[in-house]
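Chemist: Structure below; questions to follow.
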Amino acid sequence: MKGKILITAMFHQTRRDHLRSFFRSQIFVLALFFCSINLSCENSSDLKPKANSPPVITFVKILPERPYAQSELNAIVQCEDADNDPVTFRYQWMRSGEDLVGENKNVLTGNNFKKGDLIQVRVTPSDGKADGKPFSSDPLKILNSPPVIQEVRIGPTPASASDDLKILVKGFDPDGDSVGYTFQWEKNGTILSEKTKDILEKGEFKKGDSIAVIVTPDDGESKGISKKSGPIVVTNSPPIIVSTPAKTEGNTYTYQVKAEDADHEPVTFRLKTAPKGMEIDKETGLIRWTIRKEDSGAQLVEIEASDSEGARSIQRFTLSTGLR
């Protein structure tokens, strides 16, 4: 009897152990099931697309910072995109607060503005999915353009000591302002501090001197870059006859020819054209002529004065004789 009870008790114990194992296995299966559901939910939330962040402009500047009417303006842009998307930009240039139609590149050329205009650029970023907020630069004022000298030269050419030297200037002002000039003459490399006019008068230089001039343009607001002429070398000056021909009186004609040479060289004289019997002293320039009856009428006279280097000048006049 005791053996039977023992066997029965063992049977019931074994059955309970099997039931515990069964329930444990079921609990484990249920745990795995719920875990897989949870992971699936988490993975499904990761697959949802993130919202796009539009690009944001942080800085817009126009260069150069000191523009003139002939400048080319460039828009410099700094931008951030939280999604690291590539960003493009749309530009709209403005003048004095108004849009410049068709000017939608990052560069604005100088034919779109003038001195005194206020220029801005409005930039709109895009990442291909959405536009960012437009950003406008600070206004930039177009400054006065200094005048420009294109050419400076001295005339006449060639120049001698008997000439007044004059300055010939070619220049312009990009803003259309009127331009004045200041002058500084230079002789043999030395500045003539008191000579500031546009003419250097004869007597201020001599044969062989090298003359140049420095010209500075000024439009009343700013000075342009000074420009220096090429030098000219003063050449030999021909003697100039300064006396006035005498009139004929009676049958003897005399005329004292006088000449000046700016280079202070000796002068000689000769008759190129003269009536028969007229003579001239080549050193003193005194003309003598005994008028004959056959010389009656108009007589052409040409006197040549020359210096030691062969430079010459001519005086022409007509004498009228009335002998009968």
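Each reported figure results from applying straightforward, stated rules to the coordinates on display, with no laboratory input. In this text, all values refer to a predicted model and were calculated from it rather than measured experimentally. As a convention, Cβ positions derive from the backbone with ideal geometry for all residues, glycine included, and neighbour counts pool all protein chains shown.
Chemist: Mind listing the phi-derived Karplus ³J(HN,Hα) values for segment 59-71, rounded to whole Hz, using 6.51, -1.76 and 1.60 with θ = phi - 60°, and x for any glycine or proline?
Modeler: 6, 9, 9, 9, 10, x, 6, 10, x, 10, 4, 9, 6
Chemist: Starting from the amide H of Ala159, placed 1.01 Å from N in the peptide plane, find each other amide H under 5 Å away whose residue is 5 or more places distant or on another chain.
Modeler: When sequence neighbours closer than 5 places are left aside, the close amide H contacts are Thr235.
Chemist: Right, another one. Which residues' amide hydrogens lie under 5 Å from the amide hydrogen of Thr248, considering only partners 5 or more residues apart or on another chain, with H built in the peptide plane?
Modeler: Sorted by chain and number, the residues that satisfy this are Ser320.
Chemist: Loop-only check: which trypsin sites (Lys or Arg not before Pro) in segment 69-123 are DSSP coil with at most 15 other Cβ within 10 angstrom? Display every interim value, and only then the final one.
Modeler: On the way: sites: Arg90, Arg95, Lys105, Lys114, Lys115, Arg122; in loops: Lys105, Lys114, Lys115.
Filter output for segment 69-123: Lys105, Lys114.
Chemist: While we're on this one: Restricting to Cα pairs below 8 Å that are 6+ residues apart, what does the relative contact order work out to for segment 240-321? Please round to a whole percent.
Modeler: Details: 172 pairs, mean separation 25.8, N = 82.
It rounds to 32 percent for segment 240-321.
Chemist: Can you work out ³J(HN,Hα) from phi for every residue in segment 218-235, in order, using Karplus 6.51 cos²θ - 1.76 cosθ + 1.60 and θ = phi - 60°, giving whole Hz and x for Gly and Pro?
Modeler: Each residue's phi maps through the Karplus curve to give 8, 9, x, 10, 8, 8, x, 6, 5, 9, 9, 6, x, x, 10, 9, 5, 8 Hz.
Chemist: What full-extension length gain, to one decimal in nm, is calculated for Asp281 and Ser320 as 0.36 nm per residue of separation minus the Cα-Cα distance?
Modeler: Numbers: separation 39, 0.36 × 39 = 14.04 nm, distance 2.21 nm.
Result for the pair: 11.8 nm of gain on full extension.
Chemist: Hey, got the dipole for segment 240-321? About the Cα centre, +1 on K and R Cβ, -1 on D and E Cβ, debye to the nearest 20?
Modeler: Working: 11 positive and 14 negative charges, 110 e Å.
The dipole magnitude comes to about 540 debye.
Chemist: Calculated FRET efficiency, Lys133 and Ser226, Cβ-Cβ r, R0 56 Å, to nearest 0.05? Don't skip to the answer; put the middle values down first.
Modeler: Working: r = 49 Å, r/R0 = 0.88.
That pair, Lys133 with Ser226, gives E of 0.70.
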